[in-house]
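These notes are about the structure you will find just below.
Here, each number is a calculation from the coordinates, and none is a lab measurement. Nothing here was measured: the structure is a model prediction, and the numbers come from that model. Here the Cβ is made from the backbone with ideal geometry for all residues, glycine too, and neighbour counts use every protein chain on show.
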């Protein structure tokens, strides 16, 4: 999900990453076992003390089926039934403002009123992912937090670590539809998680009541907010969780006012749909094409065994990244290789050109290498057809043989 500047990627378990151009908004680490990170929501039933997440990560609901996940539309959607409560979480990125929305709808199918609280949590980064991963302790020292009294939003600023750095501002707000009650908040990671705990079992979810409300220059900044929600039998409640980024304090305060206004969530959902429709028209792609491109994008963002070469091919490799430079490839971005063996493959060449444009529009950098097989019949004609298909694609000459673009080669000219 993206508007061209603000990008959100979400996995089926609810882990994910948010980026603003080249800056990480929230902390994320690829991990096959532990929760990788992202923006999380927790639901707590105040009478029983039970708590869970509307997604499988970080705190799966005990005794319930796994959430039903739908990535087919412009937004990500997670639905789950837990006892008498049905939850639906929809994630979207606004088409104009640099803000993401997580809308949680809770429906009560039981006979008794349910008293709940909903808590959000994200670890604030606001720096390049590589900087955060290489020097995490140092990187955390430059984030300051406060609360905007006018809107109740948590506002964070990354102080410049170097004179040439520009400050970056984050806004995080949770509001319940139809309620003016002010949420409580926490910006200290250690206070929220507790010593020896993780996002799977934070101490903040062990008790009821408001969060501590600590703000300022904390050692490890997070944005966490909690709201109280009461759901009558047969009724439902809607909670909007918004996170946005701005370049200046004035822009951040203006963004906070817009996302705090009534109907802001509906506006974001409409903007997300409009942006996707516009991009489909620009790429001359169908909804099925978009779903295919999104599935392939998962292999560009995270390790995917199914998309790797055969083990023996990898074992036989004797070259490093520099071995790509002679072909014009930098190797700094994920590489997609398409082999063309006959004329039937030209249509796939056209589709990969569209896919590359789609990925680029969603903030996913990649390099595509189209290889015409040496044993292909009439390889010279195939090269001409493939070249024409790539140049006539949505990216055209602006990406053909350019950095993070699409490259065409005759496989017979490549050595081992």
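For the pair residue 342 and residue 141, what calculated FRET efficiency results from E = 1/(1 + (r/R0)^6), where r is the Cβ-Cβ distance and R0 = 56 Å, to the nearest 0.05? Before the final figure, lay out the partial values.
On the way: r = 58 Å, r/R0 = 1.04.
Result of the calculation: an efficiency of 0.45.
Using a 10 Å cut-off on Cβ atoms, rank the peptides 47-55, 227-235 from the highest mean neighbour count down.
Details: 47-55: 18.8, 227-235: 15.7.
Most protected by this proxy first, the peptides run 47-55, 227-235.
Rounded if a/c is under 1.5, else prolate if a/b beats b/c, else oblate: with a ≥ b ≥ c from the C-alpha gyration tensor eigenvalues square-rooted, which is region 136-201? Please report the intermediate quantities before stating the final value.
On the way: a/c = 3.16, a/b = 1.24, b/c = 2.54.
Taking the square roots of the gyration eigenvalues as a ≥ b ≥ c, region 136-201 is oblate.
If you stretched the chain out fully between residue 261 and residue 308, how much longer would it get, using 0.36 nm times the residue separation minus the C-alpha to C-alpha distance? Don't skip to the end; give the middle numbers.
Numbers: separation 47, 0.36 × 47 = 16.92 nm, distance 4.69 nm.
Contour length minus the Cα-Cα distance gives 12.2 nm.
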**Q.** Selected from 325, 358, 28 as most flexible by GNM, with the chain as the system and alpha-carbon contacts under 10 Å
**A.** 325
Q) Rounded to a whole number of µm²/s, how large is the Stokes-Einstein D of region 1-73 at 4 °C and 1.567 mPa s, given Rh as the Kirkwood radius over C-alpha pairs? A) 95
Q) Between the helical axis of 346-361 and the dominant principal axis of the chain, each derived from Cα atoms, what acute angle in degrees is found, rounded to the nearest 10? A) 40
Q) Using the Cα atoms of region 205-300 to build a convex hull, what is its mean projected area in square nanometres? A) 11.6
Q) Across the Cα atoms of region 59-169, what radius of gyration and what greatest pairwise Cα-Cα distance (Dmax) are found, in Å? A) 18.9, 60
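Work out the P(r) tail for the chain: percent of alpha carbon pairs separated by more than 31 Å, whole number. Could you put the intermediate results ahead of the total?
Values: 38048 of 86320 pairs.
Tail of the P(r) past 31 Å holds 44 percent of the pairs.
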Q: Could you check the simple spin-label distance between residue 182 and residue 280, using points 7 Å along Cα→Cβ, in nm with one decimal?
A: 4.4
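So what is Rg over Rh here for region 181-221, counting just Cα atoms and using Kirkwood for Rh?
Values: Rg = 10.5 Å, Rh = 10.8 Å.
My calculation puts Rg/Rh at 0.97.
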Q. Per residue and in Å³, how big is the convex hull formed by the alpha-carbon atoms of region 319-377?
A. 79
Q: Over the Cα atoms of region 174-242, compute the convex hull volume and normalise it per residue, giving Å³.
A: 113
Q: Binning at 5 Å from 0, report for region 135-279 what percent of all alpha-carbon pair distances ends up in each bin.
A: 2, 9, 15, 18, 19, 15, 12, 7, 2, 1, 0, 0
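Dividing the Cα convex hull volume of region 253-333 by residue count, how many Å³ per residue is that? Display every interim value, and only then the final one.
Details: hull volume 16.1 nm³, N = 81.
It is 199 Å³ per residue.
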Q. For residue 149 and residue 401 in the same chain, what is the full-extension length gain: residue separation times 0.36 nm, less their Cα-Cα distance, in nm?
A. 85.5 nm
Q: Could you tell me how many degrees, from 0 to 90 and to the nearest 10, lie between the Cα long axis of helix 249-260 and the main elongation axis, the longest principal axis, of the Cα atoms of the chain?
A: 70
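So what's the back-of-envelope 222 nm ellipticity for the chain, counting only DSSP H runs of four-plus at -39500 (n - 2.57) apiece and dividing by all residues, rounded to 500? Intermediate results must be reported in sequence, preceding the final value.
On the way: 9 runs with 97 residues, N = 416.
Helix-only estimate at 222 nm: -7000 deg cm²/dmol.
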Q) Out of 346, 268, 406, any idea which swings most in a Gaussian network model of the chain, alpha carbons joined below 10 Å? A) 346
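Based on the Cβ-Cβ distance of residue 322 and residue 287, what FRET efficiency does E = 1/(1 + (r/R0)^6) give at R0 = 45 Å, to the nearest 0.05?
Details: r = 41 Å, r/R0 = 0.91.
FRET efficiency, residue 322 to residue 287: 0.65.
Translational D (Stokes-Einstein, µm²/s) of region 226-281 at 25 °C and 0.890 mPa s when Rh comes from the Kirkwood sum over C-alpha pairs? Before the final figure, lay out each step's value.
On the way: Rh = 13.9 Å.
So the translational diffusion coefficient is about 177 µm²/s.
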Q. Among 347, 310, 186, which one shows the biggest mean-square fluctuation in a GNM of the chain, springs joining Cα atoms closer than 10 Å?
A. 310
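Over every pair of different alpha-carbon atoms in region 323-416, take the mean of 1/r and invert it; report that Kirkwood radius in Å.
Values: mean 1/r = 0.0756 Å⁻¹.
Hydrodynamic radius (Kirkwood, Cα only) of region 323-416 equals 13.2 Å.
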Q | Cβ crowding within 10 Å averaged over residues, with 17-23, 6-12, 159-165, 135-141 ranked highest first | A | 6-12, 17-23, 135-141, 159-165
Q: Pop a pseudo-label 7 angstrom from the Cα along the beta-carbon direction at both residue 236 and residue 166 and give the gap in nm to one decimal.
A: 4.1
**Q.** Rg and Dmax of region 1-135, Cα atoms only, in Å
**A.** 15.7, 52
Q: Please figure out what share of the DSSP beta bridges in the chain is antiparallel and state it in percent, rounded to the nearest 5.
A: 85
